[in-house]
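The values are calculated or read from the model by the stated rules, or taken from the named source; none is laboratory data. Because the structure is a prediction, the values reported are computed rather than measured. With ideal geometry, Cβ positions are generated from the backbone for all residues, glycine too; neighbour counts draw on all protein chains shown. For accessibility, only protein heavy atoms count, side chains too; no ligands or nucleic acids. Shrake-Rupley method; radii C 1.70, N 1.55, O 1.52, S 1.80 Å.
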Amino acid sequence: EDQVTQSPEALRLQEGESSSLNCSYTVSGLRGLFWYRQDPGKGPEFLFTLYSAGEEKEKERLKATLTKKESFLHITAPKPEDSATYLCAVQARQYSSASKIIFGSGTRLSIRP
Amino acid sequence: EPEVTQTPSHQVTQMGQEVILRCVPISNHLYFYWYRQILGQKVEFLVSFYNNEISEKSEIFDDQFSVERPDGSNFTLKIRSTKLEDSAMYFCASSEGPGPNEQYFGPGTRLTVT
């Protein structure tokens, strides 16, 4: 069964303190791995897509990496506005035209000024 | 920047009533989805839709649920007879192509069943 596990559940950092969020996945053939940001009461906001092991993507203070079993979201010198829940999701190779994505439970990130 | 929109933002209904949640996907997108998130839980897939038919559905999407694209811009989710356990945030999403195209999500409709 396709599965996504994220750790830690919650992470509190001081402003400027870099860290990493982990996403481990089990999927029957990876089509794509996605990172989303979700603010309270809002919809997931797309951040990155990673397709194959070794790939890296960057956006401002965020950098996402991918191995065959895990993805990491590295946050460098975070600011309070980076506080949110970060969701990892995978899409498996399937034959339907519009394939679902499977989400993890998320990491709730809090940055203290 | 194009975005997915959803109405209403909050819907309160009584158990057993029918509700229709509405979505306007991004205009050049061809693939449409509904997900839900019960408070404090994961975002869960409900159904995907392409070329005017359901492409894939989850076990949650039983006979009480239906989807429709009534015109060229709207995409709707109908729940025929709501239950208490249907209370959740419902998110519409759309993508330009099939996987691994990224899916863009709307702001959600909070459904409260009393």
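Taking amide H atoms as placed 1.01 Å from N in the peptide plane, list the residues 5 or more away in sequence, or in a different chain, whose amide H sits under 5 Å from that of B:Gln11.
Result for B:Gln11 returns B:Arg110, B:Leu111, B:Thr112.
For a label point 7 angstrom out from the Cα of B:Glu53 toward its Cβ, which stretches of region B:70-114 have the backbone nitrogen within less than 18 Å?
Inside the label zone: B:70, B:98.
Taking K and R as +1 and D and E as -1, what net charge do the other residues with C-beta under 13 Å from the C-beta of A:Glu17 add up to?
Details: positive: A:Arg12, A:Arg61, A:Lys79, A:Arg112; negative: A:Glu15, A:Asp82.
Once all neighbours under 13 Å are counted, the net charge is +2.
Provide a whole-number value for the mean count of partner chain Cβ atoms within 10 Å of the Cβ atoms in peptide B:37-44.
Mean shielding by partner chains, rounded to a whole number: 4.
When the Karplus curve 6.51 cos²θ - 1.76 cosθ + 1.60 is applied with θ = phi - 60°, which whole-Hz ³J(HN,Hα) does each residue of region B:60-68 get, with x for Gly and Pro?
5, 7, 8, 5, 6, 10, 8, 10, 7
Assuming R0 = 45 Å, can you tell me the calculated FRET efficiency for the pair A:Glu15 and B:Arg80, based on Cβ-Cβ distance, to the nearest 0.05? Don't skip to the answer; put the middle values down first.
Values: r = 49 Å, r/R0 = 1.10.
Given R0 = 45 Å and the Cβ-Cβ separation, E is 0.35.
Under a straight-distance cross-link criterion of Cα-Cα below 20 Å, which lysines are reachable from B:Lys83, leaving out those fewer than 8 residues away in the same chain?
Within the straight-line cut-off, B:Lys83 pairs with B:Lys42, B:Lys57.
Please report, in cubic angstrom per residue, the volume enclosed by the convex hull of the alpha-carbon atoms of region A:3-112. Please report the intermediate quantities before stating the final value.
Values: hull volume 10.1 nm³, N = 110.
It is 92 Å³ per residue.
Whole-Hz Karplus ³J(HN,Hα) for region A:16-28, in order, using 6.51 cos²θ - 1.76 cosθ + 1.60 and θ = phi - 60°, x for Gly and Pro?
Here the 3J(HN,Hα) series is x, 8, 6, 6, 9, 10, 10, 9, 9, 9, 10, 8, 7 Hz.
At a 1.4 Å probe, what is the % contribution of carbon and sulfur to the accessible area of chain B? Show your work: numbers first, answer last.
Details: 2530 of 5700 Å².
C and S fraction of accessible area: 44 percent.
Assuming a ≥ b ≥ c are the square roots of the Cα gyration tensor eigenvalues, decide whether the protein assembly as shown counts as rounded (a/c under 1.5), prolate (otherwise, with a/b larger than b/c) or oblate. Walk me through the numbers before you get to the answer.
Working: a/c = 1.91, a/b = 1.46, b/c = 1.31.
The shape class here is prolate.
How large is ³J(HN,Hα) for each residue in region B:49-57, as worked out from phi by the Karplus curve 6.51 cos²θ - 1.76 cosθ + 1.60 (θ = phi - 60°), to whole Hz, x for Gly and Pro?
Karplus-based 3J(HN,Hα) across region B:49-57 equals 8, 8, 6, 6, 8, 5, 8, 8, 9 Hz.
Among the GluC sites (Glu not before Pro) within region B:13-83, which fall in a DSSP loop and have no more than 12 other Cβ atoms within 10 Å of their own Cβ? The partial results should precede the final answer.
Values: sites: B:Glu18, B:Glu44, B:Glu53, B:Glu56, B:Glu59, B:Glu68; in loops: B:Glu18, B:Glu59.
Of the GluC sites (Glu not before Pro), the ones in loops of region B:13-83 whose Cβ has at most 12 other Cβ atoms within 10 Å are B:Glu18, B:Glu59.
What's the longest uninterrupted piece of chain A once you rule out the chymotrypsin sites (Phe, Trp or Tyr not before Pro) that are loop residues per DSSP with at most 14 other Cβ within 10 Å?
On the way: sites that count: A:Tyr51, A:Tyr95.
The answer is A:1-50.
Counting only other chains, and only Cβ atoms inside 10 Å, what mean value do you get across the residues of B:50-63? If you can, show how the numbers build up before the last one.
On the way: counts 3, 2, 0, 1, 2, 6, 7, 2, 1, 0, 0, 0, 0, 0.
The mean count of partner-chain Cβ atoms within 10 Å per residue comes to 2.
Please give the charge dipole size of chain A, origin at the Cα centre, charges +1 on K and R Cβ atoms and -1 on D and E Cβ atoms. Round to the nearest 20 debye. Spell out each step's value before the answer.
Numbers: 15 positive and 14 negative charges, 33 e Å.
So the magnitude is around 160 debye.
Total Å² of accessible surface buried at the A-B contact, 1.4 Å probe, nearest 100?
Values: alone 6520 and 6670 Å², together 11270 Å².
Roughly 1900 Å² of accessible surface disappears when A and B pair.
Compare the peptides B:20-26, A:39-45 by average per-residue count of other Cβ atoms within 10 angstrom and give them in order, highest first.
Working: B:20-26: 19.6, A:39-45: 16.1.
Packing order, densest peptide first, comes out as B:20-26, A:39-45.
Just to check, using Stokes-Einstein with a Kirkwood Rh over alpha carbon pairs, what's the diffusion coefficient of region B:5-97 at 37 °C and 0.692 mPa s in µm²/s? Walk me through the intermediate numbers first.
Working: Rh = 13.5 Å.
The diffusion coefficient I find is 243 µm²/s.
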